[in-house]
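The values are calculated or read from the model by the stated rules, or taken from the named source; none is laboratory data. Keep in mind the model is a prediction, meaning the values are calculated, not measured. A quick note on method: Cβ atoms are made from the backbone with ideal geometry, for glycine too, and the neighbour counts reach across all protein chains shown.
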Amino acid sequence: MDDLKKLVREVPDFPKPGINFYDITTLLKDPVGLKLTLDSLYELCRDEKVDTVIGIESRGFIFATPLAYRLGAGFVPVRKPKKLPAEKVSISYDLEYGQDTLEIHKDAVGSGHRVIIVDDLLATGGTARAVVDLVEGLGGEVAGLLFVVELDFLGGRDRFNGHRMDSLIRYDS
């Protein structure tokens, strides 16, 4: 995945001083990089029986929707507050530099539904952990978590013991 890593732009001091932002827009605009990313995510889970692929707002949508299509599964967005129109369940969680809330439609995941959760980046794991908790609270089963980029040095992986997780690009510092 070194080819993919070369396509990710590192932006220092964004969104605030001391944070190094890993910008995937440079990967997305590259046709070969985008195809390799989507194909690689598919290869990681193609043998899983999956009912639903969940994309985390907003960059997770970019990868989750085509993955759901290729797997023959449905797509469900997990969104920030006040974006979903029907009855929903919400959860608040801590970020590296603040707090946030996510919501999912109450009927988006049924009891026993097998779900893959997809996002662009795993940092401390707070956002993805919140989505796991939402899915499991609705009776769903998390078949796996997939990330394009993982920041190993922040230890987010440690929050998912017992869950299968994979990432394409990893940074150790």
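Here is the figure for the stretch 115-148: residues that are crowded, with 21+ Cβ neighbours inside 10 Å, β-branched (Val, Ile, Thr) and farther than 20 Å from PRO81 by Cα total 4.
Among the numbered conditions (1) of a type outside the set (Gly, Ala, Ser); (2) out of contact with any Ser or Thr (no Cβ under 6 Å at 6 or more places or on another chain); (3) surrounded by 23 or more Cβ atoms within 10 Å (Cβ to Cβ); (4) closer than 24 Å to GLY98 by Cα, the only one that PHE160 does not meet is (3). For ASP158, indicate whether it is in a helix (DSSP H, G or I) and in contact (Cβ under 8 Å) with a residue 40 or more places away in the chain. The answer is no for ASP158.
Conditions tested, residue by residue: (1) more than 12 Å from the chain's Cα centre (by Cα); (2) assigned to a loop (DSSP other than H, G, I, E, B); (3) not small (Gly, Ala, Ser).
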{"position": "LEU34", "(1), (2), (3)": "yes, no, yes"}
{"position": "ASP39", "(1), (2), (3)": "yes, no, yes"}
{"position": "GLU43", "(1), (2), (3)": "yes, no, yes"}
{"position": "GLU48", "(1), (2), (3)": "yes, yes, yes"}
{"position": "VAL53", "(1), (2), (3)": "no, no, yes"}
{"position": "ALA64", "(1), (2), (3)": "no, no, no"}
{"position": "ARG70", "(1), (2), (3)": "yes, no, yes"}
{"position": "PHE75", "(1), (2), (3)": "yes, no, yes"}
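Here ASP94 meets each of (1) more than 16 Å from LYS80 (Cβ to Cβ); (2) among the charged types (D, E, K, R); (3) part of a strand (DSSP E or B) with one exception, condition (1).
Among (1) of a type in the set (S, T, N, Q); (2) farther than 21 Å from ALA86 by Cα; (3) at pLDDT 95 or above; (4) not in a strand (DSSP E or B), there is one condition SER167 misses while meeting the rest; what is its number? Status for SER167: all satisfied but (4). Across the stretch 113-159, the qualifying residues are those that are charged (D, E, K, R) and under 13 Å from the mean Cα position of the chain (by Cα), and the one among them that is farthest from SER173 (Cα to Cα) is ARG129.
Within the stretch 57-86, the only residue that satisfies the criterion of being among the β-branched types (Val, Ile, Thr) and touching a helix residue (DSSP H, G or I) at 6+ places or on another chain (Cβ under 6 Å) is VAL78.
For the stretch 1-32, a residue qualifies if it is under 25 Å from PHE153 (Cα atoms), hydrophobic (A, V, I, L, M, F, W, C) and in a helix (DSSP H, G or I), and the qualifying residues are LEU4, LEU27, LEU28.
Apart from one condition, VAL11 fits all of (1) under 17 Å from THR65 (Cβ atoms); (2) touching a Phe, Trp or Tyr at 6+ places or on another chain (Cβ under 7 Å); the exception is (1). Residues in the stretch 39-56 that are farther than 19 Å from LEU138 by Cα and of a type in the set (Asp, Glu): ASP39, GLU43, ASP47, GLU48. Yes or no: the stretch 99-120 includes at least one residue that is in a strand (DSSP E or B) and at pLDDT below 95. Yes: the stretch 99-120 contains one or more residues that are in a strand (DSSP E or B) and at pLDDT below 95. In the stretch 1-23, the qualifying residues are those that are under 18 Å from the mean Cα position of the chain (by Cα) and without any contact (Cβ under 8 Å) to a residue 40 or more places away in the chain, and the one that is nearest to LEU168 (Cα to Cα) is ASP23.
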